[in-house]
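Each value in this text was obtained by applying a stated rule to the coordinates, not by laboratory testing. These numbers were taken from a predicted model, which means no experiment stands behind them. Glycine gets a Cβ as well: all are built from the backbone with ideal geometry, and neighbour counts include every protein chain shown.
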Amino acid sequence: MSARHGQSSYRDRTKEFIDIVESLRRSIAPAANIVPYGNNRNDGSRREDLINKSEFNNRASKIGLAINQTSQKLSKLAKLAKRTSVFDDPTQEIQELTVVIKQEISALNTALLDLQVLRSSQNGEENNSRDTSTHSTTVVDVLKNRLMDTTKDFKDVLTMRTENMKIHENRRQLFSSNASKESTNPFVRQRPLAAKAAASESAPLPWANGSSSSSSQLVPWKQGEGESSPLLQQSQQQQQQQQQMVPLQDTYMQSRAEALHNVESTIHELNSIFTQLATMVSQQGEIAIRIDQNMEDTLANVEGAQSQLARYLNSISSNRWLMMKIFFVLIAFLMIFLFFVA
Amino acid sequence: MKITALLVLKCAPETSDPVILANASDVSHFGYFQRSSVKEFVVFVGRTVASRTPPSQRQSVQHEEYKVHAYNRNGLCAVGFMDDHYPVRSAFSLLNQVLDEYQKSFGEAWRSAKEDSSQPWPYLTEALNKFQDPAEADKLLKIQRELDETKIILHKTIDSVLARGEKLDSLVEKSSDLSMASQMFYKQAKKTNSCCTIL
């Protein structure tokens with residue numbers, strides 16, 4: 001019976017549901033009077049059930065309504081962003097709308113999370129029928145899907161907005177002579193633009209769970225196309241158009257500045273090379289000292305050995321009479337041997 | 001990397017044709033019969049570009065196979081005809097130098113010039129010859145080039161130092177082996193010397 005509650009979150013059919021239940025209960029009540037306590041408890045719990053479920057449905061319907069309103073605002077924002085006239089840029093309104101939509105979506109996110117918690121708590125504490133739990137799960141899923149769709153649309157609108165702004169910038173550079181001034185002070189002019197765009201687009205960054213990756217892609221891309229963020233090399237600015245005079249003046253100055261930077265970096269590299277050279281040479285100096293010590297040791301050893309050998313030679317040469325004595329002893333032994341054999 | 005001509009003109013503010021104050025051109029690589037027409041061409045294009053260059057502006061125009069660089073400084077304009085390989089920055093620093101030199105040597109007399117002066121200015125001709133190499137004109141380029149050469153030399157030095165290190169290592173090995181061997185030799189000699197009493 002409760003499963004037959006419609007899945008539409010707009011229309012609150014709780015009243016009908018309650019009436020049906022009342023009528024059914026009246027029909028069951030006489031039969032269930034046998035177990036009054038259990039019935040009372042069932043009644044109470046069923047009433048609680050009803051209240052809980054009605055609360056669930058209330059919140060679900062509120063969320064659905066809010067999602068609807070948000071998507072309406074989003075369509076208005078999309079229309080505003082689509083307007084590509086160069087001079088009539090409703091930046092202020094677009095930014096306000098963006099902020100408002102972002103807040104709403106974050107509020108809807110939290111409300112949906114609460115709803116989910118409520119549903120899980122309901123499913124946990126009471127023995128609802130399987131259909132009830134399926135229904136509540138389905139309702140929550142539907143709401144989540146719609147919120148995600150809205151978020152995706154929001155992200156698309158932001159993408160379109162940045163593209164339009166880029167087109168504006170290009171057109172402005174082409175048409176107005178003030179464009180040259182803007183390009184002469186690229187650091188001053190375009191940085192605030194990039195910072196502003198980054199501020200407006202990085203604000204949606206923290207909360208968007210499905211679109212965070214693409215929003216973060218938007219921000220560095222916007223800064224990159226500004227061509228003047230300090231992260232990029234200045235050599236990129238040489239690629240600007242050179243048919244105009246003032247950019248050529250800039251290019252000349254910038255090329256000089258770039259050449260200076262190159263010279264400075266080359267000098268730094270040379271410095272490091274020299275340092276490495278000095279380190280290597282000092283290490284090798286140590287090795288050379290070791291070699292020297294080894295050679296000295298060798299010299300000492302060889303001299304000692306030579307003196308020993310010289311002494312030996314002396315002893316050998318001066319010991320001749322001792323040797324003769326030994327030989328005589330040997331010959332004596334030989335004689336004795338011969339005598340024994342023969 | 002070739003400069004074909006250098007011109008100094010006085011640019012009247014957009015009313016009349018610019019007046020040529022000095023002219024130096026190097027037409028040696030053209031055939032003999034083309035030289036005069038090339039000179040005319042240089043004069044004409046130089047006048048046109050100079051008249052179209054607003055004051056305090058630099059401009060580079062591509063004309064057939066030449067790049068024409070013009071720098072207009074308060075009515076005194078320097079124009080240079082270079083080929084495509086000549087770096088733009090060096091070209092403009094060269095024009096700067098030419099203008100400085102001209103103002104130093106001629107002062108303000110040029111402002112009253114009404115017709116093309118035909119006397120050659122030796123500085124310009126020798127500048128034309130000297131600055132065929134863009135490094136001469138642009139100090140930055142020269143410094144960069146020298147730094148690059150130094151870096152190459154240093155790389156070679158480091159390579160040779162590494163080789164020296166290897167040789168030193170092998171020397172260390174050999175010398176330590178030698179000292180070991182000599183030590184063994186010494187011990188052996190001492191041993192033979194100690195127990196020789198019987199023999």
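One line per residue, one yes/no per condition, for (1) more than 30 Å from A:T279 (Cβ to Cβ); (2) within 11 Å of chain A (Cβ to nearest Cβ); (3) not hydrophobic (A, V, I, L, M, F, W, C):
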{"position": "B:V98", "(1), (2), (3)": "yes, no, no"}
{"position": "B:E101", "(1), (2), (3)": "yes, no, yes"}
{"position": "B:E115", "(1), (2), (3)": "yes, no, yes"}
{"position": "B:F131", "(1), (2), (3)": "yes, no, no"}
{"position": "B:G165", "(1), (2), (3)": "no, yes, yes"}
{"position": "B:L171", "(1), (2), (3)": "no, yes, no"}
{"position": "B:Q188", "(1), (2), (3)": "yes, yes, yes"}
{"position": "B:T192", "(1), (2), (3)": "yes, yes, yes"}
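Taking B:A24 as meeting all but one of (1) crowded, with 18+ Cβ neighbours inside 10 Å; (2) outside any strand (DSSP E or B); (3) not basic (K, R), write down the number of the exception.
Looking at each condition in turn, B:A24 falls short on (2).
Being more than 30 Å from A:F328 (Cα to Cα) and facing chain A (nearest Cβ under 9 Å) is the requirement here; does B:I143 meet it?
yes
Which one of the conditions (1) free of Cβ contacts under 8 Å to residues at least 40 places away in the same chain; (2) more than 7 Å from chain A (Cβ to nearest Cβ) does B:T157 fail to meet, given that it meets all the rest?
That leaves (2) as the condition not met.
For the structure I just gave you, tell me whether B:V49 is within 14 Å of chain A (Cβ to nearest Cβ) and farther than 24 Å from B:L140 by Cβ.
yes
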